[in-house]
Ligand SMILES: *[C@@H]1O[C@H](CO)[C@@H](O)[C@H](O)[C@H]1NC(C)=O
């Protein structure tokens, strides 16, 4: 009896963590499944939503960047633009 209950709880937890992981992934960028890795190549970014100000020490990559955000390298060249 106790074993059965434990198994049900285990299953429920598994399901819950599964949907949580999935949910947080989807939430990160409009339905795209992006990793949350920081791109070491990106020195700073400029977003329209921030009034085109430079945002330093960002943890983004080309996939997770928000729409319209430009990601710049250390040497000032544009790496990519979020979409
Ligand atoms: C900046 O670095 C990137 C990658 O190394 C290179 O492709 C690009 O030409 C460089 N741009 C400038 C302006 O030096």
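The values are calculated or read from the model by the stated rules, or taken from the named source; none is laboratory data. These numbers were taken from a predicted model, which means no experiment stands behind them. Every residue, glycine as well, gets a Cβ built from its backbone with ideal geometry; the counts of neighbours run over all protein chains shown.
See the values below:
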quantity: Subset of the range 49-62 (residues that are outside any loop (DSSP other than H, G, I, E, B) and surrounded by fewer than 12 Cβ atoms within 10 Å (Cβ to Cβ)); calculated: 49, 56
quantity: Residues of the range 1-33 that turn out to be closer than 15 Å to residue 81 by Cα and at pLDDT 70 or above, as a count; calculated: 0
quantity: Those residues of the range 63-76 which are assigned to a loop (DSSP other than H, G, I, E, B) and more than 10 Å from the chain's Cα centre (by Cα), in sequence order; calculated: 67, 68, 69, 73, 74, 75, 76
quantity: So residue 79, is it at pLDDT 95 or above and either in contact with a strand residue (DSSP E or B) (Cβ under 7 Å, 6 or more places away or on another chain) or within 16 Å of the ligand (Cβ to nearest atom) (or both); calculated: yes
